[in-house]
Protein chains: 4
Amino acid sequence: MPRIGKDEVLVSIKAVGICGSDVHYYTTGRIGDFVVEKPLILGHECSGEIVEVGKNVEGLQLGDRVALEPGIPCRKCQYCKSGRYNLCPNVRFMATPPVDGAFVEYVAHPADFVFKLPEKTSYEEATLFEPLAVGLYSVVRAKVSFGGEILILGAGPIGLATLQAVVNIGGGRVTVADIYDFRLKKARELGADKVINPQQSDALDKLRSSFDYVFETAGSVVTTQQTVKLAKRGRKVILVGLPAQEAIEFNTNQIITKELDVLGIFRYANMYPKAVRLAEKGQVNLKTLISKKFPFPQTEEALKYARDNKESSIKTLVIFD
Amino acid sequence: MPRIGKDEVLVSIKAVGICGSDVHYYTTGRIGDFVVEKPLILGHECSGEIVEVGKNVEGLQLGDRVALEPGIPCRKCQYCKSGRYNLCPNVRFMATPPVDGAFVEYVAHPADFVFKLPEKTSYEEATLFEPLAVGLYSVVRAKVSFGGEILILGAGPIGLATLQAVVNIGGGRVTVADIYDFRLKKARELGADKVINPQQSDALDKLRSSFDYVFETAGSVVTTQQTVKLAKRGRKVILVGLPAQEAIEFNTNQIITKELDVLGIFRYANMYPKAVRLAEKGQVNLKTLISKKFPFPQTEEALKYARDNKESSIKTLVIFD
Amino acid sequence: MPRIGKDEVLVSIKAVGICGSDVHYYTTGRIGDFVVEKPLILGHECSGEIVEVGKNVEGLQLGDRVALEPGIPCRKCQYCKSGRYNLCPNVRFMATPPVDGAFVEYVAHPADFVFKLPEKTSYEEATLFEPLAVGLYSVVRAKVSFGGEILILGAGPIGLATLQAVVNIGGGRVTVADIYDFRLKKARELGADKVINPQQSDALDKLRSSFDYVFETAGSVVTTQQTVKLAKRGRKVILVGLPAQEAIEFNTNQIITKELDVLGIFRYANMYPKAVRLAEKGQVNLKTLISKKFPFPQTEEALKYARDNKESSIKTLVIFD
Amino acid sequence: MPRIGKDEVLVSIKAVGICGSDVHYYTTGRIGDFVVEKPLILGHECSGEIVEVGKNVEGLQLGDRVALEPGIPCRKCQYCKSGRYNLCPNVRFMATPPVDGAFVEYVAHPADFVFKLPEKTSYEEATLFEPLAVGLYSVVRAKVSFGGEILILGAGPIGLATLQAVVNIGGGRVTVADIYDFRLKKARELGADKVINPQQSDALDKLRSSFDYVFETAGSVVTTQQTVKLAKRGRKVILVGLPAQEAIEFNTNQIITKELDVLGIFRYANMYPKAVRLAEKGQVNLKTLISKKFPFPQTEEALKYARDNKESSIKTLVIFD
């Protein structure tokens, strides 16, 4: 049982979503420079119930149902002090080595990274605040305004979260592309105006220079290459998904001759309050992203399921009693 | 019958909304420095059918149903060239002396300030694109993002247009204040989370420093004074409505100690395409703002009606056969 | 002798500048809602030598000559986490009741609010980083770019700091107005292109709507009223100085019809590194702002001198052996 | 002798700079999709004297010494109306096929794209306003503020113009890299804090993730590839130079994991007034960029000289009597 500091709360974990990064660490033991060198507890998309409250904590109390923002920054570096704490080089991010994650019964967490759930949001749904935060952050960083042709490449959890963020701004016409039809069906259900399966149609090829905002969430080399070709002159490409391969053939000339903004996205900052508010107002559907649930003792099965069922599953959860 | 230039179209006017400024010119013959010195045709919120097309015009054709953006800038000054054509000192704005307006059968208009209506948008509804453009511009200039406590002071045509703009961004909690209950009812219908009638309740007084965005659209001295007190530290006040009296008692210290942004709004730029898109997607309800219609020969009655029925009417239209 | 935490350093104070707020507390015992209710040590513009280093501190060592940024925010609220820590409601700001200030021999201070001085910057000059931070923040917040007509109302320490910030951006034409000629002489020396003494000339009255940026640093009612009249259409007013009187007659209509941005300034955030860099590159002259020095035991005389000699003095310092 | 419209002036050309694009068209007959299909007059960096003034023109008169901004946009498209006229698809840009350029005695030009020279700026220096506009635009688009580590890759005309723009903002520490030492010497002379010749040193390789702003002006594949590696986390890469080869090996993962902004630059908009102001204030040295001059009848020799002397020449001019 972890001991809490005076600015922390103790949370009894109730549900944890499995992220692609969890699967990756489980399978390969590393992501880029992050290497698992000793046993590591995975899981960072989590929610739970407060069972102890630090003495300086205000606004939270025993029994509160909460979501945990998983990255705790140093609060002192230039990034933290200028509002971009997601770039803090000393961040302690759950389930990124050597920091343990949420597949565990109790977590001590700083109160200001703990967010009360709206009444109608379940623990299960609340695990989705994490990918939703990525989607919201992408849309905020892209400064999407009313109107515009929007393309989302990839309709996995991040792509569908980005879709849910973007349909919350009126006037846009949103196209979603993915190679799995069941994901495109979800995209339709969640408000996409048009869906494209590039394995079944060349519709995307015909849309060069057609989009005001191109969000890349698939993390494939091909879709990353397409981004700059699909964007309209003077508009924006937002890179969220990380291809396995570092250097790719990329048409940088398009960035110049079309004067694009190509914006990287690394996690998020200050998005949980926005995610909570959207859920509270019923403006996102998180439940529909949950494909499969496993009880806590079957966490390894859950990881394997998530690894093996990309073609039929969006988000796999681990549920605690 | 006006003659069109090669970059213009001729529009047979079908509907014109009456704006507060029309009523003002009709009643007093002036607004600030703008004085009616010779007969002036009023009306600038207008829609119609294209009956002639200039030879250089692309993308518009005979019979197209269109809305007219009423201000034509010089296209050459520093404001025009930097995208803020609403501030062009040489703009020719319909129904602002000495430029004639739209209470007339035919208008020649530059094609790039003419916008095709979505199929389901009627001529009548399309007159509302003009106040909607003001609302959209206010919200764009305020950079409203997901979430936030939003206050709209005044629920006339501009206030309700601002409301419609703002509810098209998810996550906000919107409060609307007005002294007429029928307007507050409209606000509720259009998505306000909370309404306040300051003549019946002191709820507003208790909300000092509570709002992330305070939009002032009522144009009264009292509401303008309230803005800086109601805004949260570090947030924004957007002044749209113009009080009759130039200098007012204003708590400028609040701007400094709360580090506010106080932003003026003068008309709009580049908003008609956004208005069209929102209408096309069914994300605004323009019809509900129309209270009363008069046929073209009764334009003067329409002006009088608009002048005399503020407590029961939102927008009065003049309709052409 | 204060004890330091592991993230703190102990600083032997070497020089402290006297700010208008120090004089105000000394004279009246309050500023707005801040009231001195028990003995309070004044002074917050300070520099010194590090005499002890907390065990977690990196990048600072014994003997380092440093400037102290005087406001320590909570690091946890929405303002801190979004980069606007100057608006933190729980900030502990030196010499703002009930937090003690720098007229004392030793101060324990968090290392990330302590900045090493460039070699050529003296302790005395380094006290001026504080007002320079205000000037830099005003210019950064106003997004001053190459070119533009710039007006600075008031040529006290903040006005001259703003001037020094603004002349570090090429292409601007800077006018400074003040009622004391010796200050205008300093302004000239520091790069003002034009100076105006409104008690001797009506030059300012003739410059309505002439400036792209109007910085108000005098904190007088009259100059605050002038700001919106002097700004060009579509441009910016930056309010820094706090008039004694809360509500003033203010022409809010100018904000609307000229579509101005009126921006409040409350202290600063993230500016000390910029101040240090400018000093290091020799791009500011801080020495010239120092008018008079007193030894530490004569701190009260220093306060009285600062209070009584506004017409001939810019900045009064207290120097420690 | 061209005839002028009522909004135009006739300019007797006095000096024209040779741009890399002129050399490219001269040598290969094309740049990307732009192909010279019939005789084309080259030259677009030009200055001259006004010899005729259209009847609507204000602010310009016979005998005025002026620079010509070479791209005339349509003024009607979404880009023109939103202030990004450099992206106008219908722009008529001098010496870009099929639009003739400035190696000609008289040019008719819209008055609002004609700028009076400061008294002390010669016709020859004024030709450099064009590359200076590119440099200024890059710096404005990058939102460079006080301070920061700045890297400019390439010290040709654009690189040195970018350098001159960037040193006009205080507090930056500027490193310039180029393979020609004489260019690096110019960079030093113009204010670079540090210069690197990557053919003589591996200093650049050691500076991974060290720069707040990386400007790529060399247009080589290698330097373009380096940009994202050299940029600090959360900072900006600005791509100005166009490599001959479209698709290159590019580490897009760095954009994501460091959350970079990669910004393309295509020409410029609204920069000539800023260039004029900097020249007027003596804050740029344009003369030093001029390496060689040829009289008008030897324009072809000038083109050949510019083509063949990159290792010893910055800018070649053609001078008219």
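The values are calculated or read from the model by the stated rules, or taken from the named source; none is laboratory data. Everything numeric here is computed off the predicted structure, so don't read it as measured data. Cβ: placed from backbone, ideal geometry, glycine included. Neighbour counts: every protein chain shown. These area figures cover heavy atoms from the full protein model, side chains too; ligands, DNA and RNA do not enter into them. Shrake-Rupley method; radii C 1.70, N 1.55, O 1.52, S 1.80 Å.
When chain A is treated as a GNM, springs tying every alpha-carbon pair under 10 Å, which of A:Glu246, A:Glu280, A:Glu49 comes out with the largest mean-square fluctuation? Residue with maximal mean-square fluctuation among A:Glu246, A:Glu280, A:Glu49: A:Glu246. Each principal axis of the Cα cloud of the range D:49-146 was taken in turn, and the coordinate range along them, longest first, works out to 37, 34, 27 Å.
Per-residue shielding of B:74-84, expressed as the average number of other chain Cβ atoms within 10 Å of the residue Cβ, stands at 6.
For the protein assembly as shown, the percent of C-alpha pairs falling in each 10 Å distance bin, counted from 0 to the bin holding the largest distance, reads 2, 8, 16, 21, 22, 18, 10, 3, 0, 0. Positive end of the dipole of the range B:177-239 (Cβ unit charges, origin at the Cα centre): among B:Phe182, B:Gln200, B:Val228, the Cα lying farthest that way belongs to B:Val228.
Which of D:Lys14/D:Lys120; A:Lys81/C:Lys287; D:Lys116/D:Lys274; C:Lys143/D:Lys143 have a Cα-Cα distance over 19 Å?
A:Lys81/C:Lys287
C:Ser210 label point (Cα plus 7 Å toward Cβ) to equivalent points in the other copies: 4.5, 4.8, 5.5 nm, shortest first.
The lysine pair tally for the range B:160-239, using Cα distances under 16 Å and a gap of 8 or more places or different chains, is 5.
Counting only Cα atoms, the size of the range D:135-264 along its three principal axes is 37, 31, 26 Å, in decreasing order.
Karplus-derived 3J(HN,Hα) values for the range D:120-134, using 6.51 cos²θ - 1.76 cosθ + 1.60 with θ = phi - 60°, are 8, 8, 7, 4, 5, 4, 5, 5, 7, 4, 5, x, 4, 4, 5 Hz; glycine and proline are entered as x.
How many square angstrom of accessible surface are buried between D and A, both sides summed, with a 1.4 Å probe and rounding to 100? The summed interface area works out to 3600 Å². Per-residue Karplus couplings for the range B:209-218, computed as 6.51 cos²θ - 1.76 cosθ + 1.60 with θ equal to phi - 60°, are listed in order as 6, 10, 10, 6, 9, 10, 9, 9, 10, 7 Hz, Gly and Pro entered as x.
Working from label points 7 Å from Cα in the Cα-to-Cβ sense, the A:Leu62 to C:Ile41 distance is 4.2 nm.
Relative protection proxy for D:130-138, D:308-316, from highest mean packing down: D:130-138, D:308-316 (other beta-carbon atoms within 10 angstrom). Surface composition of the protein assembly as shown: carbon and sulfur atoms hold 48% of the protein heavy-atom accessible area at a 1.4 Å probe. Test of understanding: extend the Cα→C-beta vector of C:Ala247 to 7 Å, then name every residue of the range B:227-267 with backbone N under 18 Å from that spot. Backbone N within reach: B:227-231, B:243-258.
Charged side chains reduced to their Cβ positions (Lys and Arg at +1, Asp and Glu at -1) give the protein assembly as shown a dipole of some 0 debye around its Cα centre. Label-point spacing for B:Glu249 across the identical copies (point 7 Å from Cα in the Cβ direction), in nm and ascending order: 1.3, 7.3, 7.3. Peptide A:262-272 shows a mean partner chain C-beta count of 5 within 10 Å per residue C-beta.
The mean number of Cβ atoms from other chains found within 10 Å of a Cβ in peptide D:282-289 is 1, as a whole number. Phi angles of the range D:36-49 translate, via the Karplus equation with coefficients 6.51, -1.76, 1.60 and θ = phi - 60°, into HN-Hα couplings of 7, 10, 9, x, 10, 7, 8, x, 9, 9, 9, 9, x, 10 Hz per residue; Gly and Pro are given as x.
The alpha-carbon of B:Lys38 sits under 14 angstrom from the alpha-carbons of these aspartates and glutamates, leaving out residues fewer than 8 places away in its chain: B:Asp100.
An ellipsoid equivalent to chain A, defined through the eigenvalues of its Cα gyration tensor, has semi-axes of 33, 21, 20 Å when rounded to whole angstrom and sorted largest first. Between the amide H of A:Leu42 and those of A:Gly101, A:Phe103, distances stay under 5 Å, these residues lying 5 or more places away or on another chain, with hydrogens modeled in the peptide plane. When shorter helices are ignored and each DSSP H run of at least 4 residues is given -39500 (n - 2.57), the per-residue value for chain C at 222 nm works out to -7000 deg cm²/dmol. Remark: the range B:135-264 carries 32 Å² of accessible area per residue (probe radius 1.4 Å; ligands, DNA and RNA excluded). For the rotational copies B and D, the chain B residue with its Cβ nearest the relating axis, together with that separation in Å, is B:Gly83, 1. Its relative contact order, with pairs defined as Cα atoms under 8 Å and 6+ residues apart, puts chain D at 18 percent. The residues of the range B:1-124 expose, per residue, 46 Å² of accessible area to a 1.4 Å probe. Residues whose amide H lies under 5 Å from that of A:Phe93, counting only those 5 or more places away or on a different chain, are A:Ile72; hydrogens are built 1.01 Å from N in the peptide plane. A simple charge model with +1 on the Cβ of Lys and Arg, -1 on the Cβ of Asp and Glu and nothing else charged puts the dipole of the range C:95-231 at about 540 debye relative to its Cα centre. Cross-link reach is defined here as a Cα-Cα straight distance under 18 Å, omitting same-chain residues fewer than 8 places apart; for B:Lys304 the lysines meeting it are B:Lys292, B:Lys293, B:Lys315. For C:Lys14, the amide hydrogen comes within under 5 Å of the amide hydrogens of C:Ser47, C:Gly48, C:Glu49, counting only partners 5 or more places away or on other chains and with H modelled in the peptide plane.
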